[in-house]
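A short worksheet on the structure shown next.
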Amino acid sequence: MNKQNVIDTISSKLKLIRVERGYTQDRMATVLGISKKTLVQIEKGRAAANWSTVVTVCALFRNSDVVIHLLGGDVLEVIETIAHDFVEEPKDRTMGGKIWWKKIEEEAGYTLQQNVISQHFRIIDEQKNRMYSCLDKEEAELKLKEITSVLRNSS
């Protein structure tokens, strides 16, 4: 999944996200910081939301069942990874990938996983903390090797 896929996906489901929350078009437009006219154009499929609006939707509606199912779990992780191409900062503990993730590789207590919806990759440690995420499998595999080689060399 790339930036354009996310824009298209969120744009096509914006009305459903709004209705799920019980918002009128006026209220939703105000919350998102766009005009009602722009919201109507997006909802009718005549225009796509811009990246800033999509990020706003994902941030403000990150607990929406619709948004979670569109992006596959941790919505902000998906958006952050797509926006930056990769994230290399240890994050909060994850659930370990029980629902949205498939295991690609495991080495020295670290697991490389791929999100089944967004298709992005992440590395988690034994405590299920996200250590790294990116969009490219080869890059993720190299990072896993780098992390585990540092561990081997320090022991």
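The values are calculated or read from the model by the stated rules, or taken from the named source; none is laboratory data. All values derive from a computational prediction rather than experimental measurement. So basically every Cβ, Gly included, is an ideal-geometry build from the backbone, and we count neighbours across all protein chains shown.
Evaluate the following for Val19: is it touching a residue at least 40 places away in the same chain (Cβ under 8 Å), of a type in the set (Val, Ile, Thr) and at negative phi? When the stated conditions are applied, Val19 does not pass them. Any residue that is outside the structural domain of Val116 (by TED's automatic domain parsing), surrounded by 14 or more Cβ atoms within 10 Å (Cβ to Cβ), over 26 Å from Lys98 (Cβ atoms) and under 15 Å from the mean Cα position of the chain (by Cα) - is there at least one of those in the range 43-51? Yes, there is a match, as at least one residue in the range 43-51 is outside the structural domain of Val116 (by TED's automatic domain parsing), surrounded by 14 or more Cβ atoms within 10 Å (Cβ to Cβ), over 26 Å from Lys98 (Cβ atoms) and under 15 Å from the mean Cα position of the chain (by Cα).
Taking the range 85-107 as the range and being modelled with pLDDT of 90 or more and surrounded by fewer than 20 Cβ atoms within 10 Å (Cβ to Cβ) as the test, the residues that pass are Lys102, Lys103, Ile104, Glu105, Glu106, Glu107. Looking at the range 126-139, which of its residues are crowded, with 17+ Cβ neighbours inside 10 Å and either without any contact (Cβ under 8 Å) to a residue 60 or more places away in the chain or in contact with a Leu (Cβ under 9 Å, 6 or more places away or on another chain) (or both)? Across the range 126-139, the qualifying residues are Arg130, Met131, Tyr132, Ser133, Cys134. Each residue in the range 108-125 was checked for being part of a loop (DSSP other than H, G, I, E, B) and either crowded, with 22+ Cβ neighbours inside 10 Å or among the aliphatic types (A, V, I, L, M) (or both), and 5 pass. Which ones in the range 35-84 are at pLDDT below 95, within 29 Å of Glu139 (Cα to Cα) and outside any helix (DSSP H, G or I)? Within the range 35-84, Arg62, Gly72, Gly73, Asp74 meet the criteria. Scanning the range 38-82 for residues that are out of contact with any helix residue (DSSP H, G or I) (no Cβ under 8 Å at 6 or more places or on another chain) and within 11 Å of Ile7 (Cα to Cα) yields one hit, Ser52. Scanning the range 59-77 for residues that are touching a Leu at 6+ places or on another chain (Cβ under 8 Å) and under 18 Å from Asp8 (Cβ atoms) returns a single hit, Val66.
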